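This report concerns only the one structure given below.
Throughout, read-outs are computed from the coordinates displayed, never taken from laboratory work. None of these values were measured; they are calculated from a predicted model. We place every Cβ from the backbone using ideal geometry, glycine too, and count neighbours over all the protein chains shown.
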Amino acid sequence: MERSDPLGVLESTRFVLQQAQFVHLSPEGLDRVAQALLARPAGSPSWDHPLHWRGEREQTANYVLVLDTLNFSFWPEPRWRVDYRGQAYDGYWALAAALRRALEQGEPLWDAAYLASITADRLTRLLAGEGTVPLIEQRAANLRQIGQVLLGRFNGQFSQAIEQAGHSAAALVRLVVRHFPSFNDAVSYRGQEVRFYKRAQLLTTDLAGAFHARDLGEFHDLDQLTAFADYKLPQVLRYHGALVYSPDLAARIDRREELPAGSPEEIEIRAATVWAVEELGHRLAAAGRPMPAWRIDWALWNLGQELPPDAPPYHRTRTIFY
């Protein structure tokens, strides 16, 4: 029995997979990934990390929105790094560290009026570290956008948007992609709209974590979310043979050649990632360990932290969506 698809992500990515020319799924590889996941403790994602900040209820909701507004494209080499309390971080954790540092220094990142007027120069100073975070102009524009929308529609408080969703993760995703264009992660493939909604879906699970699945983090339908299609998951799936690329695409990725955002190759990689996670869900359930897509996503991300140095690289696409 096929599961619910309230966001249209599964329907649209299925179309891509049926038409795909550059990427396909390997049942044998999916079996290997499923066995790798079954061999690990089940575990659960936790928001409670020293780099994650909490304030008052409304402040925390706005902060989580800010965090996921900026959570994309950390892949230049050498990587951007942030030193916080004597430890260096890169990627997502560098972002979390930089934001926490800024908050501790008195920057009101939870204030919609502050966000609505933030400049690229100020954001550069807030994210200062070793190297340069990419797409700084776009990141600042995204923050101004959420600040302006919060002020114009939700009295400056993301909590009001969350409450409008009525404890539905799917309803909140739809609301976010409608009102905050930088979250509207949808593209055209052969004339059809394809939805991924990576950061909007991740936002709901981050809220669930930040609020311990209560109050503004209580959602009754998190199991209706799909995988958060980015660049790390397909790297893991490819390493284990679950995603198979055409020889030309594999060579381009191995050369670290950038794939244009919205190109057929990039869309097919992301669509195949969504469906690989769906297939893994069937295998895990059959083995007695049912797991929703968002938890499988988390488990694969953790598996990816253990890839050997000679693992094939992730695909490189410069985009604000992941």
Can you name the number of the only condition in (1) farther than 17 Å from L216 by Cβ; (2) surrounded by 16 or more Cβ atoms within 10 Å (Cβ to Cβ); (3) free of Cβ contacts under 8 Å to residues at least 60 places away in the same chain that A112 fails?
-> (1)
Determine whether N184 is of a type outside the set (S, T, Y), within 14 Å of the chain's Cα centre (by Cα) and surrounded by fewer than 22 Cβ atoms within 10 Å (Cβ to Cβ).
-> yes
Determine whether region 83-100 contains at least one residue that is assigned to a helix (DSSP H, G or I), out of contact with any Leu (no Cβ under 7 Å at 6 or more places or on another chain) and surrounded by 16 or more Cβ atoms within 10 Å (Cβ to Cβ).
-> yes
For residues that are over 22 Å from F196 (Cα atoms) and surrounded by 21 or more Cβ atoms within 10 Å (Cβ to Cβ), tally how many sit in region 160-181.
-> 0
Residue satisfying all of: in region 1-52; of a type outside the set (V, I, T) and touching a strand residue (DSSP E or B) at 6+ places or on another chain (Cβ under 6 Å); surrounded by the most Cβ atoms within 10 Å (Cβ to Cβ) among these = S12
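Condition check ((1) free of Cβ contacts under 8 Å to residues at least 60 places away in the same chain; (2) farther than 23 Å from T204 by Cβ) across all residues:
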| residue | (1), (2) |
| --- | --- |
| S246 | no, yes |
| A251 | yes, yes |
| D254 | yes, yes |
| A276 | no, no |
| G288 | yes, yes |
| P292 | no, no |
| W298 | no, no |
| P309 | yes, yes |
| I320 | no, no |
A213 vs (1) under 21 Å from V277 (Cβ atoms); (2) without any contact (Cβ under 8 Å) to a residue 12 or more places away in the chain; (3) among the small types (G, A, S): all pass except (1)
